[in-house]
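Step one of this worksheet: look at the structure below.
The values are calculated or read from the model by the stated rules, or taken from the named source; none is laboratory data. Bear in mind that the values here come from a model prediction, so they are computed numbers and not experimental data. For neighbour counting, all protein chains shown are included, and Cβ atoms are generated from backbone atoms with ideal geometry for every residue, glycine included.
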Amino acid sequence: MNAKSQNDETVNQSPRPPAGGDIDLVNDALVKAGKGQEEIDSVGTIDKAQIAADSGRARTGVLQQALLARQIDLRLFACQADRSELQSSLAAETLADCINIGIQHRDAGTILGADGKVNPQLIAELAEAGYWGLPIPAEYGGSGASKFFLGRTMTMMGATVAEIVGGLLSIERLIGTAGPLIWKGNAEQKERLLRPLAAGHKRSGFGGTEPSVGCNITKASTYGVVDGDDIVVYGEKLFISNAWYGHEIALLLSIDGKLRVLITELPQCDSEVFSINNYGIHALRYIHNKGLRFNGLRVPRANLLDGDGLAIIFHDLDEGRFAVATTGAARMRRILAMCVRWADYRETFGVKLKERQFIRYNLALQAAYIAGADALVDWSSSLIDAGYQGDVSSMIAKTKATDWLRQVSTELGLFTIGGRFTLHGNTIGDNLADDLVTSVYEGPNPMLGMACIKSMIKAFGEPYLGPVMQELKNAGIDTNKLVFGGKRLPQTLKYLLASSGKMFKNRKKIFAAVANLTGYLMQIRSTPKAGSQMAFEGLDSRFIAHRQFAEKAWHQWRKKFIAAILKYQERLADEQLLMLEGIYEPMASITTMFCAIAASRTARQNGDEATLAALHLLCLEMRCSLSSESHTSGQYKKAVEEVATHVLAGTFHQLDGVPAGEIQQPYK
């Protein structure tokens, strides 16, 4: 039976409860909400895949911990990395060589080849220097760099050499074939397939997206048929970055009804069994972004990775999504460097732009966003290295950094540069589609925001709601009939009254589960006093005040979040505007404040006054979004002036080595 007919049959089936065993909160909520069986099955499959993706994580996610803890442990929002790797390691030596190679090509104008794509000669020279082997374990010929180091690498390479060269490291080696091989490859596969990647002899990408499949990747219809020692592949993929003849793709496909990942080497030319689908595309035009058609392509069965394909995808994305934030950090540096040069050159009515309050605000806020993106990248990447569940932290880093980049490209930078952004060679105009697509690739930001909230709901539900529902089920109560919100509440109460005898027999366990839930609800009713904050010494006085604000905001947010869960229950998933504007955005802004506060201590220790000022402005910006505080307050305007002064004086060192470009169409 083909995939389409399977899907059609699924749509027509009525929802069914989980068959026995422990309570399934996800399934239970979807059934109560009246969802169709296709959605119930897809969401359940995704949930199980995410559980499998997190199976190797030794530590619960930081945000999930903060949700359940009495007090915020600010240490968990600090970078967890050993920073010595940045100076004294094989990876550091490799990176220094690669930066030099990249700068030589940048200055010579040879970043791109004759076809407008990244120059193959540059790719080869970087391979020789070890750039593509940075993420590969040393035992397979790579440098074994940490995710933290890779985050710094991609930001530095993107800002000083070329954005696409920084981003390619992620496409080639984090979400390409290397990530899945490192996690799920067997010994033979790693030895055979990782070494060419470490040496740079193979280029790679990830093949998940399909023409008829959007966010519900469980419906991927590309499939493989096992035939002896081969898997014969049929189907089509779309929007596959770095897909080109001879490249290697981690291909998501269905085999015997189960999604798997197959490491697939693409042929060197089109044929009856394989062809590349060329189409015009604005984003990532400096690399090949193509569609792939398979009509019987044979791939060695030995290239099939063990385990659930969706779990491999989610693990890959959780470990590589922070890299999209590095694109934001690098691009914002490029735009700000250009804006600084222009503001110092352009005069209006005899006054340079750099003296205008609005322009100084534009420059200062860009710097604040850069400092914030750096803090989020360092934090989220180091959490992965430290073994934390990384889905929520990585998604927050990605969404915030790319939201800021979108604002910088279309507002702060654009309104500073003016109409010259449309000229060829202008970093905004030349890269606008690339800047915007960062908010869509690896998950549209609103979808990721809702995914974060669902993960947080689960973090609360499993220890507190789950036991109550489980004990009711053990007592013989049909939990699918327990709908406490809306018009069905009277029916639910009537059912519980009729079932009181069943509950009485299991009253002790039901009472214990209810008491556990009640205890948590009582715990979060009050905000802990400032004096009870967990130790985090060495903060500048401005950030002590920010910490007090952020912790109070977190405890208020948590009460509203739990109240929303209890009020809407199974209907919360359909309240998408509430989930995004009322729940996710405040959570992400408070998280940003925590990371900025933690990063400020390092900046203070390093005597980095410019970064300290930028992080202070970032916290004020987050406070404006979380409360009634104003951009026109004396405190905010003073912070803008301080940061703008640093940026214009050249003491905001995040711009060191970043090319500013030439003044285009100069005034005569």
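Odds and ends about this structure:
- Among the helices (runs of 4 or more DSSP H) confined to region 493-586, the ones with at least 2 residues that are within 30 Å of the chain's Cα centre (by Cα) are located at 541-568.
- Residues of region 621-633 that turn out to be of a type outside the set (Ser, Thr, Tyr) and either modelled with pLDDT under 95 or in contact with a Lys or Arg (Cβ under 9 Å, 6 or more places away or on another chain) (or both), as a count: 2
- Candidate set: region 400-419, residues that are over 26 Å from residue 594 (Cβ atoms) and among the polar types (S, T, N, Q); chosen: the one surrounded by the fewest Cβ atoms within 10 Å (Cβ to Cβ): 410
- Among the residues of region 219-246, the ones that are within 25 Å of the chain's Cα centre (by Cα) and over 18 Å from residue 295 (Cβ atoms) come to 4 in all.
- In the set (1) over 30 Å from residue 666 (Cβ atoms); (2) at pLDDT 95 or above; (3) hydrophobic (A, V, I, L, M, F, W, C), residue 440 fails one condition alone, (2).
- Yes/no for residue 644 being farther than 28 Å from residue 580 by Cβ and either modelled with pLDDT of 95 or more or assigned to a helix (DSSP H, G or I) (or both): yes
- Test: residue in region 357-364 that is over 17 Å from residue 614 (Cα atoms), out of contact with any His (no Cβ under 8 Å at 6 or more places or on another chain) and buried (at least 23 other Cβ atoms within 10 Å of the Cβ): no
Conditions tested, residue by residue: (1) more than 18 Å from residue 611 (Cβ to Cβ); (2) in contact with a helix residue (DSSP H, G or I) (Cβ under 6 Å, 6 or more places away or on another chain); (3) of a type in the set (A, V, I, L, M).
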| site | (1), (2), (3) |
| --- | --- |
| 373 | no, yes, yes |
| 389 | yes, no, no |
| 393 | yes, yes, no |
| 415 | yes, no, no |
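- Residues considered: 646, 653. Of these, the only one that is surrounded by 16 or more Cβ atoms within 10 Å (Cβ to Cβ) and within 14 Å of residue 367 (Cα to Cα) is 646.
Condition check ((1) buried (at least 21 other Cβ atoms within 10 Å of the Cβ); (2) touching a residue at least 12 places away in the same chain (Cβ under 8 Å)) across all residues:
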position: 77; (1), (2): yes, yes
position: 87; (1), (2): no, no
position: 108; (1), (2): no, no
position: 112; (1), (2): no, yes
position: 117; (1), (2): no, yes
position: 122; (1), (2): yes, yes
position: 125; (1), (2): no, yes
position: 136; (1), (2): yes, yes
position: 153; (1), (2): yes, yes
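- Residue list for region 205-233, restricted to those being of a type outside the set (A, V, I, L, M, F, W, C), surrounded by fewer than 18 Cβ atoms within 10 Å (Cβ to Cβ) and assigned to a strand (DSSP E or B): 227, 230
- Tabulated pairs, region 317-344, first farther than 14 Å from residue 416 by Cα, second in a helix (DSSP H, G or I) and of a type in the set (Lys, Arg), C-beta under 8 angstrom, 6+ apart or interchain: 319/147; 321/398; 322/147; 322/398; 324/398; 325/398; 325/400
- Test: residue in region 492-514 that is touching a residue at least 40 places away in the same chain (Cβ under 8 Å), over 30 Å from residue 366 (Cβ atoms) and among the polar types (S, T, N, Q): no
- Unique residue being at pLDDT below 85 and small (Gly, Ala, Ser) when the list is 449, 485, 519: 485
- When residues of region 138-151 are limited to those that are surrounded by fewer than 23 Cβ atoms within 10 Å (Cβ to Cβ) and of a type outside the set (Ser, Thr, Tyr), the one nearest to residue 282 (Cα to Cα): 144
- Verdict on residue 107 being touching a helix residue (DSSP H, G or I) at 6+ places or on another chain (Cβ under 8 Å) and not in a loop (DSSP other than H, G, I, E, B): no
- Being aromatic (Phe, Trp, Tyr) and either in contact (Cβ under 8 Å) with a residue 40 or more places away in the chain or buried (at least 17 other Cβ atoms within 10 Å of the Cβ) (or both) is a description that applies to residue 561.
- Any hit, region 386-394, residues being in a loop (DSSP other than H, G, I, E, B), crowded, with 24+ Cβ neighbours inside 10 Å and in contact (Cβ under 8 Å) with a residue 40 or more places away in the chain: yes
- Being in a helix (DSSP H, G or I), surrounded by 16 or more Cβ atoms within 10 Å (Cβ to Cβ) and among the aliphatic types (A, V, I, L, M) holds for only one residue in 92, 81, and it is 92.
- Remark: pairs (first residue in region 635-659, assigned by TED's automatic domain parsing to the domain that holds residue 159; second residue of a type outside the set (Lys, Arg) and surrounded by 23 or more Cβ atoms within 10 Å (Cβ to Cβ); Cβ separation under 6 Å; 6+ apart in sequence or on different chains) are absent.
- Here residue 274 qualifies as over 24 Å from the mean Cα position of the chain (by Cα), without any contact (Cβ under 8 Å) to a residue 24 or more places away in the chain and assigned by TED's automatic domain parsing to the domain that holds residue 216.
- Filtered residue count, region 138-151, keeping only those that are touching a residue at least 60 places away in the same chain (Cβ under 8 Å), more than 19 Å from the chain's Cα centre (by Cα) and in a helix (DSSP H, G or I): 0
- Qualifying residue in region 310-318 (condition: at pLDDT 95 or above and under 25 Å from residue 218 (Cβ atoms)): no
- Restricting the first member to region 349-373 and to residues that are free of Cβ contacts under 8 Å to residues at least 12 places away in the same chain and outside any helix (DSSP H, G or I), and the second to residues that are surrounded by fewer than 21 Cβ atoms within 10 Å (Cβ to Cβ) and of a type in the set (Lys, Arg), the beta-carbon pairs closer than 9 Å and six or more apart or on different chains are 352/346.
- Condition check for residue 302: closer than 28 Å to residue 653 by Cα, touching a residue at least 40 places away in the same chain (Cβ under 8 Å) and in a helix (DSSP H, G or I): no
Here is a yes/no grid of residues against (1) closer than 17 Å to residue 78 by Cα; (2) of a type in the set (A, V, I, L, M); (3) touching a Cys at 6+ places or on another chain (Cβ under 7 Å):
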position	(1), (2), (3)
342	no, no, no
346	no, no, no
359	no, yes, no
367	no, yes, no
373	yes, yes, no
394	yes, no, no
397	yes, yes, no
417	no, yes, yes
425	no, no, no
